[in-house]
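> Quick one: this structure, given as C-alpha cells, is what I'll be asking you about.
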Amino acid sequence: MAVVNRWYQILQLLVTHKQMTMTELEQKLLISRQTIRNSIESLNEELKGTAEIVQKNTTYQLTINDFECFDEIMVDGLKKTRDFNSVNKRISFIIKRLIDSNDFISMDELSDELGVSRSTASNDIKEMKQMVNKFNVKVRGTPNRGMRIYGNEFDLRLLYIYHVQDYFPDQFLQTETYQLIDQITERGSVSKIYASLLEKTISTVIKRLQNHHLLETIPDDYMNFTKSHEAIEALMYHLELDYEITLSQYERDFICFPLSLSSNQLKTKDAINEAELQALFRQMMAHIHQILVVDLDEDRLFIDMKYHLMYLVNRLLFRFEIQDLFYGEIEKQYPFAYELAKVGLARLEYKLNRKALPVEISYLALYFELAIRKQTDTAIQKEIAIVCSTGKGTALIIQSQIEKVVGSDIKITHYSEEEYKKQDLNQYFAIFSTIPLKNIDQSTPVIQLSHLFNTEWLREEWERVNEIRSKSFENVIFRFTKLDSKETYNENLKQMIKELSLENIIDSQFEQRVFEREDKHTTIYEAGVAFPHTINKESDQIILFLGVFPQKTLKTSNEEVELILLLAIPERLSEKDESELLKLYDFVFAFTTNRQLRKELRQLEDLSELKVWMERRFLS
C-alpha cells in the first residue's frame with residue numbers, strides 16, 4: 001500500500017471512530033504495529049499546524065487545530081505536496097504525459113523527466129498498466145517508438161480526473177468559475193469531496209475540448225439528476241462563453257456527474273426515471289431469487305432503496321470509489337444481508353459492465369438488513385406473561401414499569417402463582433415473574449423481577465430477551481452427518497437427501513429440485529461452504545441438514561468443500577416461519593466469513609454435539 005493511501009486510511013478511521021487502539025488499527029489496516037507507528041509519525045509531520053494524531057494511554061485520537069485546512073487535506077490535499085520520491089506521483093506523471101501527448105513516449109524520456117533510473121521507471125510502468133486496466137484503458141509499447149495510451153474519451157477523462165488531477169491540479173480556471181461552483185455547492189449542500197470533484201471535472205473537460213478531444217458517448221444507464229437546475233444552466237452558459245468551447249449534451253452530462261453521485265439539494269424531479277430504476281431493482285431481485293429462496297416485502301424495499309440505487313448506478317458507471325466506513329464489519333455483523341447485497345450487485349455489475357468495490361456491497365447490505373428486521377419484527381408477536389404472587393395491584397404496577405421500558409405495543413397476560421401451573425407459558429415471547437417457575441423450557445426467556453424499579457436493569461434484561469429470541473429456532477428440524485471426501489459432491493448430497501427421505505420428511509421430487517437448482521447456479525461458496533436448498537412439499541417445518549468433512553476437504557473441479565448445509569423450505573411459510581428462515585440464513589452465512597466456526601463444526605461428532613455447540617455459540 002502506498003504511503004499516501006495509508007495516511008488517508010488512518011485519517012478516515014480516526015475521523016470516523018474518534019479514537020482507536022493500536023490493536024483496532026492493526027485489524028482494520030492489516031499492517032504491522034511498527035508500520036502504523038511510522039505512518040502516524042510521518043503523517044504528523046505532514047499535518048503540522050493543521051492537526052495532530054496523539055496517543056493517550058492505549059488509544060490514538062485526532063486533534064484538529066484548523067478545520068478549514070483539514071478539510072482541504074481530506075480532499076486529497078496531501079497528494080499535491082508529494083515529489084517524485086512518491087511512486088504514486090511518478091505513476092500519475094506517466095499517465096498525465098501519455099494522455100496529454102496522445103502519442104508515443106519512450107522509456108528513456110520518462111526516466112529522464114522523472115529523474116529516476118530506467119529500472120525504476122520500468123517498475124512504475126508495470127504498476128501503471130495494472131491501474132489503467134481498471135478503466136478499460138491500455139498502454140502498449142511499440143519497438144523503436146515507445147509506448148502509447150489507448151482508450152475511449154470517457155474512460156481517459158475519468159483516469160485523468162482520479163489519478164492525475166490530485167497530484168497535478170490545473171490552475172487555469174477563472175475566478176468567476178470558482179465563484180459559480182461555490183454558489184452551486186452551497187445551494188445544493190454539496191459536500192467538499194464532490195465540490196472538489198466538480199472542479200477537477202470542469203478543468204479536465206475544458207482542457208480536453210480545447211485540445212479537440214470530444215466526448216462521443218456516455219453510458220446509457222447514467223442518470224443526470226441536476227441537468228435542469230437553473231444554477232447548472234448558468235454554469236454551462238459561463239463555460240461556453242468564457243472558455244470559447246461548445247458543450248454538447250454529452251459534455252454537459254459529464255460535467256454534472258460529481259453532483260449525481262450522492263444526495264444533495266440540486267436534484268430535479270423530472271430527472272429521475274423511476275421506471276428505469278424499478279426495472280434495475282427487479283432485475284437485481286430476480287437474480288437473488290435464482291440463487292436464494294427468500295421472501296421480502298419488495299415494494300417496501302424498493303421505496304427504501306430507490307435513492308441509494310440511483311446514486312449507486314452512477315458511482316459504478318463513473319468508477320467512483322466511495323469512502324469505506326465499515327472495513328469488513330457489515331459482512332461479519334449481517335452475513336445474510338451482505339450475501340443478498342453481493343448477489344444483487346452481481347446482476348448490476350453484469351448489466352452495467354462494471355466491477356463494484358466491497359464497500360458498495362456493505363452500503364447496499366444495510367438496506368437488506370433493515371428489510372429483514374422489519375419483516376422479523378412484524379412476524380414475532382410479542383406476547384408477554386406476568387406471573388405475580390402478590391395480587392392484581394402488584395401485577396398492574398409491574399405491567400406499567402414494563403411498558404415504560406418496552407412500549408405499549410405488546411400483549412400482556414397476568415397469571416397468579418396457582419394459575420400459571422395450568423398454562424403452557426412456553427408460547428410467550430418472554431415471562432416476567434416474581435417467583436421461581438417450574439416446567440419452563442430452557443429456550444423460553446424468563447426475567448426474575450428482583451429490580452423492578454431499576455429502569456436500566458429492566459432495559460438490559462429486555463435486550464437480553466430480544467437477543468435470545470433473535471437467535472432461537474423453534475420451527476427448524478436440525479440433522480447432522482459426517483461425509484466422505486472420497487465420494488463426489490453430488491454423491492454426498494444424494495446420500496444426505498436419502499437419509500431425509502428415509503425419515504419421510506421430504507417429498508419424492510425434492511432431490512430433482514435440488515439438482516435442477518444446482519445446474520442453474522452452483523451453491524458452493526468461496527469459503528468452502530455448500531448451501532443447496534429448495535422447496536419441500538412434505539413438511540411444514542424448515543429442515544437444515546449439516547454435513548461435515550471431518551478430516552480432508554472435498555475437492556471439486558473448482559472449489560474445496562468443508563461443509564454442506566442442505567436446506568428444505570416448506571412450500572407455505574407463515575410470517576413466523578419466514579422470520580425463522582431469515583434468521584437461519586444469517587446463521588448459515590456466518591460460516592462463510594468465519595474460518596474458526598467452520599473448523600469447530602468439522603470437529604463435531606453427532607447431532608447432540610451440534611445442538612450443544614449452537615447453544616454455546618449462538619443462543620447463549
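Each reported figure results from applying straightforward, stated rules to the coordinates on display, with no laboratory input. The model shown is predicted, which means the values in this text are computed figures rather than measured ones. Cβ coordinates were reconstructed from backbone atoms using ideal geometry, including for glycine residues, and neighbour counts include every protein chain displayed.
> What translational diffusion coefficient, in µm²/s and rounded to a whole number, does the Stokes-Einstein relation yield for region 540-608 at 37 °C and a viscosity of 0.692 mPa s, taking the hydrodynamic radius as the Kirkwood radius over Cα pairs?
Calculated translational D: 242 µm²/s.
> Considering only the other residues whose Cβ falls under 15 Å of the Cβ of residue 330, what net charge follows from Lys and Arg at +1 and Asp and Glu at -1?
Overall, the nearby charge balance is -3.
> Let me ask something additional. Longest segment of the chain with no chymotrypsin sites (Phe, Trp or Tyr not before Pro) in a DSSP loop having at most 10 other Cβ atoms within 10 Å?
The segment 173-452 is the longest one with no such site.
> Report, by chain and number, residues whose modeled amide H sits under 5 Å from the one on residue 533, excluding near sequence neighbours (fewer than 5 apart, same chain).
567
> Nearest 0.05, what FRET efficiency do residue 234 and residue 616 give at R0 = 60 Å with Cβ-Cβ as r?
0.35
> For the chain, compute Rh as the Kirkwood radius over C-alpha pairs and then the Stokes-Einstein diffusion coefficient at 10 °C and 1.306 mPa s; write the answer in µm²/s, rounded to an integer.
This corresponds to a translational diffusion coefficient of 55 µm²/s.
> A follow-up question, please. Mind checking region 527-591 for trypsin sites (Lys or Arg not before Pro) that DSSP puts in a loop (not H, G, I, E or B) and that have at most 16 other Cβ atoms within 10 Å?
537, 552, 572
> Using only Cα atoms, find the angle between the long axis of helix 358-379 and the longest principal axis of the chain, and express it within 0 to 90 degrees, rounded to the nearest 10.
Helix 358-379 sits at roughly 30 degrees to that axis.
> How long is region 175-271 along each principal axis, judged by its Cα atoms, biggest number first, in Å?
34, 33, 22
> Another one. Can you give the angle from 0 to 90° between the axis of helix 335-352 and the longest principal axis of the chain, with both taken from C-alpha atoms, to the nearest 10?
The helix 335-352 is inclined about 40 degrees to the chain.
> Under Stokes-Einstein, with the Kirkwood radius over Cα pairs standing in for Rh, what whole-number D in µm²/s applies to region 7-128 at 4 °C and 1.567 mPa s?
The estimated diffusion coefficient comes to 78 µm²/s.
> Would you mind getting the Kirkwood hydrodynamic radius of region 476-619 from its Cα pairs, rounded to one decimal in Å?
By the Kirkwood definition, the hydrodynamic radius is 15.4 Å.
> Return the FRET efficiency for the residue pair residue 482, residue 295: r is the Cβ-Cβ distance, R0 is 25 Å, and the value is rounded to the nearest 0.05.
My answer for the efficiency is 0.15.
> Restricting attention to region 488-578, which GluC sites (Glu not before Pro) occupy a DSSP loop and are surrounded by at most 15 other Cβ atoms within 10 Å?
Counting only loop positions with at most 15 other Cβ atoms within 10 Å, the GluC sites (Glu not before Pro) in region 488-578 are 503, 526, 571.
> Okay, next question. Using only the Cα atoms of region 209-349, what do you get for the radius of gyration and for Dmax, in Å?
So, for region 209-349, Rg and Dmax equal 18.2, 58 Å respectively.
> Can you give the FRET efficiency for residue 515 and residue 272, using 1/(1 + (r/R0)^6), R0 = 60 Å, r = Cβ-Cβ distance, to the nearest 0.05?
Computed FRET efficiency for residue 515 and residue 272 comes out at 0.85.
> Considering Cα pairs under 8 angstrom that are at least six residues apart, work out the relative contact order of region 3-80 and quote it in whole percent.
About 32 percent, as a whole number.
> Equivalent ellipsoid semi-axes for region 405-450, as square roots of 5 times the alpha carbon gyration tensor eigenvalues: give them largest first, rounded to whole Å.
Values for region 405-450, descending: 17, 12, 12 Å.
> Across region 129-137, in residue order, what do the Karplus-derived ³J(HN,Hα) couplings come to in whole Hz, using 6.51 cos²θ - 1.76 cosθ + 1.60 with θ = phi - 60° and x for Gly and Pro?
4, 5, 5, 6, 4, 5, 9, 6, 10
> Going 7 Å from the Cα of residue 605 toward and past its Cβ, which residues in region 481-499 have a backbone nitrogen under 20 Å from where you end up?
Once the point is set 7 Å along Cα→Cβ of residue 605, 481-484 turn out to lie under 20 Å by backbone N, inside region 481-499.
> Would you calculate the separation in nanometres between label points at residue 463 and residue 426, each defined as 7 Å from the Cα along the Cα-to-beta-carbon direction?
Taking the simple label geometry, residue 463 and residue 426 are separated by 3.0 nm.
> By how many degrees, between 0 and 90 and to the nearest 10, does the Cα long axis of helix 175-187 differ from the longest principal axis of the chain?
Tilt of helix 175-187: around 10 degrees.
> Using the 2.2 N^0.38 Å rule of thumb for compact globular proteins, work out how region 87-163 stacks up: its C-alpha Rg over that value, please.
Taking N as the residue count of region 87-163, the ratio is 1.00.
> Can you show me the helix-derived [θ] at 222 nm for the chain, built from DSSP H runs with n ≥ 4 at -39,500 (n - 2.57) apiece and divided by the number of residues, rounded to the nearest 500.
Value at 222 nm, helices only: -16500 deg cm²/dmol.
> For residue 26, what charge total do you get from the other residues with a beta carbon under 14 Å from its beta carbon, if Lys and Arg give +1 and Asp and Glu give -1?
+3
> What does the net charge come to around residue 455 if you take all other residues with beta carbon closer than 13 Å to its beta carbon, with K and R at +1 and D and E at -1?
Around residue 455, the charge tally is -3.
> May I pose another question? What percentages, rounded to whole numbers, describe P(r) for region 274-379 computed over all alpha carbon pairs with 10 Å bin width beginning at zero?
14, 52, 31, 3, 0
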